[in-house]
Structure formats: C-alpha cells, structure tokens
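Right, one structure below, let's go through it.
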Amino acid sequence: MSATLDRGAYAELTTSMVSAQEAFAYWREMICATFVRLVAEPVAGAGFSGRIEHVPVGDLELSTVVAGGQHVRRTRSLVARGDEEYLLASIQVRGRGRIEQDGRTALLSPGDLAFYDSTRPYTLHFDDPFHQLVVQVPKRELLVRDTRRLTARACGRGTPGAVVSTFFTSLADTARTAPDQSAVLLPHALGLLSATASFAGNARPGPQAAEAVARERVLAFLRRNLADPRLDAETVARACRVSRRTLYRIAGDEGIAARLRRLRIERAQEILVADPGRTIGSVATACGFDSESGFHRAFRAVTGKSPGEYRRGRPAG
C-alpha cells in the first residue's frame, strides 16, 4: 500500500492501515506525500505508530502530526531532485523536538515554534513520541524572501511565536470543522506567519504584518479575559501594549465593545451546548455579563434567539 495525498483536500493518513512490520516504511511515504521528499529512521526498534491529519486553507497547509520518536532528514540530493519551495513552521504541542538548519539548532518545547526551509538541507529530531502542528506555505506567498537568518530559531513565550502558535492551533480546528469560515482567515494567517518569520530573522516586520500580530494579541487577550465584566478598551490597550488609536483601528468598524460582546456570546454558545445542566445565570457570569437580563438581551441581539431557545435547538456533544 502506498500513501497518497491530495494537497488541496482534507486527508488523514495513519500507520494503522498497515501491519506493524510495514509501519515505518509506510510512515516514510506518509511524510513525503504530506510535506517534501524526506528520509527517516525510527528511534525505537519496534512498535512504531504515527498519524497525520492534513487540512488545507487556500495555499496554506496545516498538518497535525502525532508519532513515535524518529530522526528525519532533508538531504542535499533530495533538495536537488525536487522543485518544492516551502517555508515550514513546526509548532510543538506535546513532547520535545529539535530542528537543525543553516548551522543552528532550535530546541522546541510545547508552545514553541520554529521555521525551516525546504530548499536547503535540514534535520528534525524527536527522541520520544511527540505531537506537532506543521504549517507549510509556498515561499512565494510570504513577504519574507531571504530565510537563512530565520530558520532553526525557537520562538516561544514572550515572542510573537506564542501568539501565532495559539492562532494556528485554533485555525486548524476551525479548518477541520468549518472550512468556509477558515478561508476568510487566510490573509490574516499569512500576515501573522510573515511577521513571526521577520521576528525570527531579527528583521522589522512590515506595517501589515506587525498589525496582524497586534490584532491577534488583542483577540487572544479578549478570549482569555472575557469573563471579567470590567474589561474595557483602556485595560485591553495597556495589557496588549498598543495605543487606543491602534486598538480601535484593529477592531475596525465593529468596535472593541461589539467585538468583545460577540466573543462572549460565542463562548456562551459553546457552554450552553457542552453543559446542558448549567443554569443560564451561571453561563452569563462565566462569560462576563454582570446581569442575566443583560445577557439575554445581548444573546438575542447576536443570535436572534434566547439562550434557552438556542440550547433546546442544538444537540449536545
């Protein structure tokens, strides 16, 4: 059995399709079909398993990789035989990893991100089982042209990489369940990727890329803190290190208050379906509303239904 993949469609590849003896050979085919031509060796002698879930968003490809320990190489001969020109970013979800390229090594812990370029040799090391999200994009789609300074540099906490990792993890979930919704996020995704690549290469990102990172930082802060009914524009601007003028530009015509209300209602919708026994008042409090009546009004304004009507109209799970 050979592993094949349509890069423009959702696909799931797994070594469970073959016998244990064939698992790693099949895995090699899986990673070559999903990414670029690669060679790989397992860390352990037996018992290997791996799974790849591939989701396209326009020309962007998001691949969730869960597998056993291995060493993966993109050799000079494989580079010479291929015409692929991709920039890839590995986002570590669980386990540890190492990326080597251009004379540097990036050590990845959960939440970290690092880039590598398919047009030059690189090596990926996973000494133990791991879980990564790999973002792959044609180099022509990015504002970054020279990648030699940005590869194999870990971007984690305190850098744009932390914000971008969270965004792409969420985008992969959205692309899997609601492809139409994820498509509209493609320009934002490319801007975030370009900005993070510029940061990794110690270059100043362009205005659009820098604003994309600022926007995602603001949205991430709102999502984390929407249960606080005292949240206002001044608090958000100060916490996200942006001016109020920038904040209002990021929010667009919708405005920061309306954006926050919409995020709160989206969270409320999730809770109402996931926890059918929870009281409406408790849901209101958990989503930052200081009164149940205010929650009802806001919920109906956004959804056209009361919270109770919405819950009764949606199946649990």
Starting from the exponent 0.38 and prefactor 2.2 Å, build the expected Rg for the chain from its residue count and divide its actual Cα Rg by it.
1.11
What nm value, rounded to one decimal, do you get for the distance between residue 293 and residue 230 when each label is placed 7 Å out toward the C-beta?
2.4 nm
Between 118, 198, 293, where does the largest GNM mean-square fluctuation fall for the chain, given springs only between Cα atoms within less than 10 Å?
293
Convex hull over the alpha-carbon atoms of segment 1-62: what's its volume per residue in Å³?
80 Å³
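With a Förster radius of 25 Å, plug the Cβ-Cβ distance of residue 4 and residue 41 into 1/(1 + (r/R0)^6) and report the FRET value to the nearest 0.05.
That pair, residue 4 with residue 41, gives E of 0.65.
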Relative to the longest principal Cα axis of the chain, at what angle does helix 207-225 sit, 0 to 90 degrees, rounded to 10?
60 degrees
Against the longest alpha carbon principal axis of the chain, how many degrees, from 0 to 90 and to the nearest 10, is the axis of helix 292-303 turned?
60 degrees
To the nearest 10 degrees, the tilt of helix 23-34 (Cα long axis) against the first principal axis of the alpha carbons of the chain is 70 degrees
How long are the semi-axes of the ellipsoid equivalent to segment 21-145, from square roots of 5 times the Cα gyration tensor eigenvalues, in whole Å, largest first?
21, 16, 15
For segment 150-200 the trypsin sites (Lys or Arg not before Pro) that pass both the DSSP coil test and the at-most-15 other-Cβ-within-10 Å test are 157
So, how do all the Cα-to-Cα distances of segment 86-135 break down into 10 Å bins, in percent, from 0 on up?
28, 59, 13
In segment 196-297, which trypsin sites (Lys or Arg not before Pro) fall in coil by DSSP and have 10 or fewer other Cβ atoms within 10 Å?
230, 241
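Any read-out appearing in this document is the output of simple, stated calculations on the displayed coordinates, not a laboratory observation. A quick note: this is a predicted structure, and the numbers were derived from the prediction, not measured. Reconstructed Cβ throughout: ideal geometry from the backbone, glycine too, with neighbour counts over all protein chains shown.
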